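Shown next, in structure tokens, is the structure this report addresses.
The values are calculated or read from the model by the stated rules, or taken from the named source; none is laboratory data. Since this is a predicted model, take the numbers as computed values, not measurements. Here the Cβ is made from the backbone with ideal geometry for all residues, glycine too, and neighbour counts use every protein chain on show.
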Amino acid sequence: MSSRGSHIDSERYDEDSVRVRPSRHGSRARTRTRPAHEDARLGTVLVVDRGRFRCLVDDEAVTAMRARELGRRAIVVGDHVRIVGDLSGGPDALARIVSVAKRASELRRTADDTDPTERVVVANADQLVMVTAIADPPPRTGFIDRCLVAAFTAGLDPLLCLTKGDLGDATELFDTYDVLSVPAVVVRQDAPLDELAERLRGRTSVLIGHSGVGKSSLVNRLVPDADRAIGDVSKVGKGRHTSSSAVLLPLPGGGSVIDTPGIRSFGLAHVSADDLLRAFADLAPGAEQCPPGCAHQDAADGCALDDWVTAGHTEPERLESYRRLAGARLDEPEELTR
């Protein structure tokens, strides 16, 4: 190139005229660092509906969505979460859940006893209240047994709540579960709920029961404005409460109840005989002599629990109760409706 050409080019172009093409991967290094969200507020999930979450934040019901950084991690009723964004609680306000705290407990179930996929129904509860009527409809021990299996394997304290106490005598039913040390209360429509309220106070209790046993009436008595509260916490999605949703309701005296109208059956495919046995501290050591894969149902199959009982380590009724509950995993699931 001539010196004249070089002179002209240097006059037309300078350093600012040169466009440097960026790397195809970008100029900023990739990082796994997540936002700190130091301004996030603590909340509790009240209801889940179609990808939206109604949460209680400082006594205010807030609608939130899942932050992208959480991926597809499940968020369920009872979860303790950290939330950022619009926390005003207004009709068009939408916040984001940015983290979920480690759960103290998980109540799990499968859709049925052939489904290998277990689902977390409720998080952070500490008591499972099995609501059943003394009569009309009559109590179903199969339902109670399945609930006990779910409670024992989840680490929840069971409580048997018998409604319609004016229609019959609960002595026989009490005797059935006495050996398992399952506490029980009897309630009736014409009497206060003082004993039940005291057992619920300060705790997070999951209520489950068949249609017609009076569970909804019980919830309305425990939480006087339950109907209004359910309408409030369910203002997610299109603004209606779905039958597949559990709902957490704070109790006036402290604590909360979780109503579970959506659990239509308690599939126990995820529970093994050994899972349940861990809840029987007096029987578990005796199983150490059982053959691998023992179902713990029959001495003829090599189960060592019969010898454990014969040696006086525990009462025969305890083994009988364990085997009945373990057998409940093989029964047809009990259908539950609101």
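Values computed for the structure shown
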quantity	calculated
Residues within region 149-198 that are buried (at least 19 other Cβ atoms within 10 Å of the Cβ), under 22 Å from the mean Cα position of the chain (by Cα) and under 23 Å from Arg221 (Cα atoms), tallied	5
Residue match in region 92-109 (condition: at pLDDT below 90, closer than 21 Å to Leu128 by Cβ, out of contact with any helix residue (DSSP H, G or I) (no Cβ under 7 Å at 6 or more places or on another chain) and not in a loop (DSSP other than H, G, I, E, B))	no
Ile134 farther than 20 Å from Arg323 by Cβ, modelled with pLDDT of 90 or more, out of contact with any Lys or Arg (no Cβ under 7 Å at 6 or more places or on another chain) and not basic (Lys, Arg)	no
Single residue of region 112-139 satisfying the filter (of a type in the set (D, E, K, R) and over 26 Å from Leu248 (Cα atoms)) that is surrounded by the fewest Cβ atoms within 10 Å (Cβ to Cβ)	Asp136
Listing of strands (runs of 3 or more DSSP E) fully contained in region 7-72 that carry 1 or more residues being at pLDDT 85 or above and small (Gly, Ala, Ser)	41-49, 60-66
